[in-house]
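Written below as C-alpha coordinates is the structure these notes are about.
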Amino acid sequence: EDGIGEVQRKFFGTLYNTYSFFALYANIDGFIYSENETPINERTELDRWILSELNTLIKEVEENYEDYEPTRSARLIQDFVINKLSNWHIRLSRRRFWKGEYIKAKISAYQTLYRCLSVVQKLSSPISPFFMDRLYLDLNPGESGGISVHLSDFPEANNDAIDLDLEVRMKIAQTI
(Lines give C-alpha, C1' and ligand atoms only; values in the text may rest on other atoms or scores of the structure.)
Protein backbone atom coordinates (compact mmCIF):
# COMPACT_ATOMS: atom_id res chain seq x y z
CA GLU A 1 0.00 0.00 0.00
CA ASP A 2 2.85 2.38 0.78
CA GLY A 3 4.34 1.86 -2.69
CA ILE A 4 1.02 2.59 -4.36
CA GLY A 5 0.61 5.75 -2.30
CA GLU A 6 4.11 6.86 -3.18
CA VAL A 7 3.56 6.37 -6.93
CA GLN A 8 0.21 8.14 -6.68
CA ARG A 9 1.75 11.09 -4.87
CA LYS A 10 5.02 11.35 -6.73
CA PHE A 11 4.25 10.34 -10.31
CA PHE A 12 0.54 10.94 -10.80
CA GLY A 13 0.53 14.01 -8.57
CA THR A 14 3.50 15.52 -10.38
CA LEU A 15 2.07 14.70 -13.81
CA TYR A 16 -1.30 16.17 -12.87
CA ASN A 17 0.34 19.33 -11.50
CA THR A 18 2.43 19.63 -14.67
CA TYR A 19 -0.72 19.37 -16.79
CA SER A 20 -2.52 21.86 -14.53
CA PHE A 21 0.35 24.33 -14.90
CA PHE A 22 0.23 23.96 -18.68
CA ALA A 23 -3.58 24.23 -18.82
CA LEU A 24 -3.69 27.32 -16.61
CA TYR A 25 -1.25 29.36 -18.67
CA ALA A 26 -2.33 27.96 -22.03
CA ASN A 27 -5.90 29.01 -21.27
CA ILE A 28 -4.79 32.47 -20.15
CA ASP A 29 -2.83 33.00 -23.37
CA GLY A 30 -5.29 31.22 -25.65
CA PHE A 31 -2.71 28.65 -26.78
CA ILE A 32 -4.39 25.98 -28.94
CA TYR A 33 -1.37 24.86 -30.97
CA SER A 34 -2.56 26.69 -34.07
CA GLU A 35 0.81 28.37 -34.69
CA ASN A 36 3.40 26.87 -36.98
CA GLU A 37 5.72 24.41 -35.26
CA THR A 38 8.86 26.16 -34.01
CA PRO A 39 11.86 24.41 -35.60
CA ILE A 40 14.04 22.58 -33.10
CA ASN A 41 17.10 24.68 -33.93
CA GLU A 42 15.18 27.88 -33.10
CA ARG A 43 14.15 26.71 -29.63
CA THR A 44 15.99 27.49 -26.43
CA GLU A 45 18.70 25.14 -25.25
CA LEU A 46 16.41 24.06 -22.41
CA ASP A 47 13.65 23.12 -24.87
CA ARG A 48 16.11 21.28 -27.12
CA TRP A 49 17.37 19.37 -24.09
CA ILE A 50 13.94 18.23 -22.87
CA LEU A 51 12.94 17.24 -26.42
CA SER A 52 16.16 15.27 -26.74
CA GLU A 53 15.44 13.54 -23.43
CA LEU A 54 11.86 12.90 -24.59
CA ASN A 55 12.97 11.24 -27.81
CA THR A 56 15.55 9.19 -25.94
CA LEU A 57 12.76 8.17 -23.55
CA ILE A 58 10.55 7.06 -26.44
CA LYS A 59 13.28 4.74 -27.70
CA GLU A 60 14.03 3.28 -24.27
CA VAL A 61 10.38 2.77 -23.31
CA GLU A 62 9.59 1.10 -26.62
CA GLU A 63 12.56 -1.27 -26.19
CA ASN A 64 11.42 -2.19 -22.68
CA TYR A 65 7.83 -2.78 -23.77
CA GLU A 66 9.08 -5.00 -26.59
CA ASP A 67 11.16 -6.95 -24.02
CA TYR A 68 8.06 -7.31 -21.80
CA GLU A 69 9.57 -5.06 -19.13
CA PRO A 70 6.74 -2.64 -18.24
CA THR A 71 8.24 -1.92 -14.80
CA ARG A 72 11.41 -0.55 -16.41
CA SER A 73 9.29 1.55 -18.76
CA ALA A 74 7.29 2.90 -15.83
CA ARG A 75 10.44 3.85 -13.93
CA LEU A 76 11.91 5.62 -16.96
CA ILE A 77 8.69 7.57 -17.52
CA GLN A 78 8.46 8.45 -13.83
CA ASP A 79 12.06 9.69 -13.76
CA PHE A 80 11.43 11.79 -16.86
CA VAL A 81 8.26 13.39 -15.48
CA ILE A 82 9.52 14.07 -11.97
CA ASN A 83 13.20 14.85 -12.37
CA LYS A 84 13.54 16.17 -15.90
CA LEU A 85 10.23 17.70 -16.94
CA SER A 86 8.84 19.02 -13.67
CA ASN A 87 11.84 19.62 -11.41
CA TRP A 88 14.17 20.93 -14.10
CA HIS A 89 12.50 22.06 -17.32
CA ILE A 90 9.37 23.68 -15.88
CA ARG A 91 11.19 25.29 -12.96
CA LEU A 92 13.66 26.92 -15.33
CA SER A 93 10.96 27.83 -17.88
CA ARG A 94 8.34 29.41 -15.60
CA ARG A 95 9.25 32.97 -16.50
CA ARG A 96 8.67 32.25 -20.18
CA PHE A 97 5.07 31.32 -19.38
CA TRP A 98 4.60 34.34 -17.10
CA LYS A 99 5.78 36.93 -19.63
CA GLY A 100 2.99 39.16 -20.86
CA GLU A 101 3.66 39.09 -24.59
CA TYR A 102 2.65 36.11 -26.70
CA ILE A 103 5.95 35.91 -28.56
CA LYS A 104 7.96 33.14 -30.22
CA ALA A 105 9.78 32.12 -27.01
CA LYS A 106 6.49 31.69 -25.18
CA ILE A 107 4.89 29.80 -28.06
CA SER A 108 7.92 27.50 -28.19
CA ALA A 109 7.60 26.86 -24.46
CA TYR A 110 3.94 25.88 -24.89
CA GLN A 111 4.68 23.67 -27.88
CA THR A 112 7.50 21.92 -26.02
CA LEU A 113 5.48 21.28 -22.88
CA TYR A 114 2.46 20.14 -24.89
CA ARG A 115 4.65 17.70 -26.83
CA CYS A 116 6.10 16.30 -23.60
CA LEU A 117 2.69 15.83 -22.00
CA SER A 118 1.26 14.33 -25.19
CA VAL A 119 4.06 11.79 -25.52
CA VAL A 120 4.11 10.89 -21.81
CA GLN A 121 0.41 10.09 -21.79
CA LYS A 122 0.81 7.87 -24.85
CA LEU A 123 3.88 6.09 -23.45
CA SER A 124 2.13 5.54 -20.12
CA SER A 125 -1.23 4.42 -21.47
CA PRO A 126 -0.43 0.69 -21.52
CA ILE A 127 0.38 0.68 -17.78
CA SER A 128 -2.03 3.38 -16.60
CA PRO A 129 -4.93 3.23 -19.04
CA PHE A 130 -7.62 5.23 -17.25
CA PHE A 131 -5.55 8.14 -15.97
CA MET A 132 -3.81 8.57 -19.32
CA ASP A 133 -7.07 8.39 -21.22
CA ARG A 134 -8.44 11.22 -19.05
CA LEU A 135 -5.24 13.21 -19.60
CA TYR A 136 -5.52 12.61 -23.34
CA LEU A 137 -9.10 13.89 -23.44
CA ASP A 138 -8.21 16.91 -21.29
CA LEU A 139 -5.12 17.74 -23.36
CA ASN A 140 -6.97 17.47 -26.68
CA PRO A 141 -10.51 18.69 -26.00
CA GLY A 142 -11.48 19.71 -29.52
CA GLU A 143 -9.32 17.34 -31.53
CA SER A 144 -10.00 14.05 -29.80
CA GLY A 145 -13.75 14.05 -30.39
CA GLY A 146 -14.09 11.50 -27.61
CA ILE A 147 -11.54 9.14 -29.12
CA SER A 148 -9.34 7.30 -26.65
CA VAL A 149 -5.56 7.56 -26.22
CA HIS A 150 -5.57 3.83 -26.88
CA LEU A 151 -6.64 4.47 -30.46
CA SER A 152 -3.81 6.92 -31.11
CA ASP A 153 -0.47 5.96 -32.60
CA PHE A 154 2.42 5.10 -30.30
CA PRO A 155 5.02 7.89 -30.44
CA GLU A 156 8.01 7.50 -32.72
CA ALA A 157 11.38 8.88 -31.72
CA ASN A 158 12.77 11.70 -33.82
CA ASN A 159 16.48 10.90 -34.03
CA ASP A 160 17.22 14.40 -35.33
CA ALA A 161 15.98 15.84 -32.03
CA ILE A 162 18.31 13.67 -29.92
CA ASP A 163 21.46 15.50 -28.81
CA LEU A 164 23.39 13.22 -26.48
CA ASP A 165 26.08 15.85 -25.93
CA LEU A 166 23.44 18.32 -24.73
CA GLU A 167 21.95 15.66 -22.45
CA VAL A 168 25.38 15.04 -20.89
CA ARG A 169 26.04 18.79 -20.44
CA MET A 170 22.66 19.27 -18.78
CA LYS A 171 23.28 16.29 -16.48
CA ILE A 172 26.55 17.92 -15.40
CA ALA A 173 24.72 21.21 -14.76
CA GLN A 174 22.09 19.39 -12.70
CA THR A 175 24.76 17.64 -10.66
CA ILE A 176 26.57 20.90 -9.96
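The values are calculated or read from the model by the stated rules, or taken from the named source; none is laboratory data. All values reported here derive from a predicted model rather than from experimental measurement. Methodologically, a virtual Cβ is constructed for each residue, glycine included, from the backbone with ideal geometry; neighbour enumeration extends over all protein chains shown. Ligands, DNA and RNA are excluded from the accessible area calculation, which covers all protein heavy atoms including side chains. Shrake-Rupley method; radii C 1.70, N 1.55, O 1.52, S 1.80 Å.
Projecting the Cα positions of Leu151, Phe11, Ala109 onto the charge dipole of the chain (unit charges on Cβ atoms of Lys, Arg, Asp and Glu, taken about the Cα centre) puts Ala109 furthest along the positive direction. Its alpha carbons give the chain an Rg and a Dmax of 15.8, 47 Å. Note that segment 122-134 has calculated 3J(HN,Hα) couplings of 6, 5, 8, 4, x, 10, 9, x, 6, 4, 6, 5, 5 Hz, one per residue in order, obtained from phi through the Karplus relation 6.51 cos²θ - 1.76 cosθ + 1.60 (θ = phi - 60°); glycine and proline are x.
Grab the beta carbon distance between Ile127 and Ala23, set R0 = 25 Å, and tell me the FRET efficiency rounded to 0.05. The pair Ile127/Ala23 has a calculated efficiency of 0.60. Cα centroid distance between segment 111-176 and segment 33-93, in Å? Each part's Cα centre sits 7 Å from the other's. Calculated FRET efficiency, Asn83 to Ile147, Cβ-Cβ distance, R0 = 41 Å: about 0.85 to the nearest 0.05. Our summary gives the chain a relative contact order of 29 percent, counting only alpha carbon pairs under 8 angstrom and 6 or more residues apart. Counting Cα-Cα pairs of segment 31-121 in 10 Å increments starting at 0 gives whole-percent bin shares of 16, 46, 27, 10, 1. Compared with the direct C-alpha span, the chain from Leu92 to Arg134 gains 12.4 nm at full extension, assuming 0.36 nm per residue.
With all protein chains in place and a 1.4 Å probe, the accessible surface of the chain carries 51 percent carbon and sulfur. Sequentially through segment 15-30, phi angles give Karplus couplings (6.51, -1.76, 1.60; θ = phi - 60°) of 5, 5, 5, 5, 4, 4, 4, 4, 4, 4, 6, 5, 5, 4, 8, x Hz, Gly and Pro residues having no value and appearing as x. Pairs of Lys residues in the chain, spaced 8 or more positions apart or belonging to different chains, with C-alpha separations under 25 angstrom: 14 in total.
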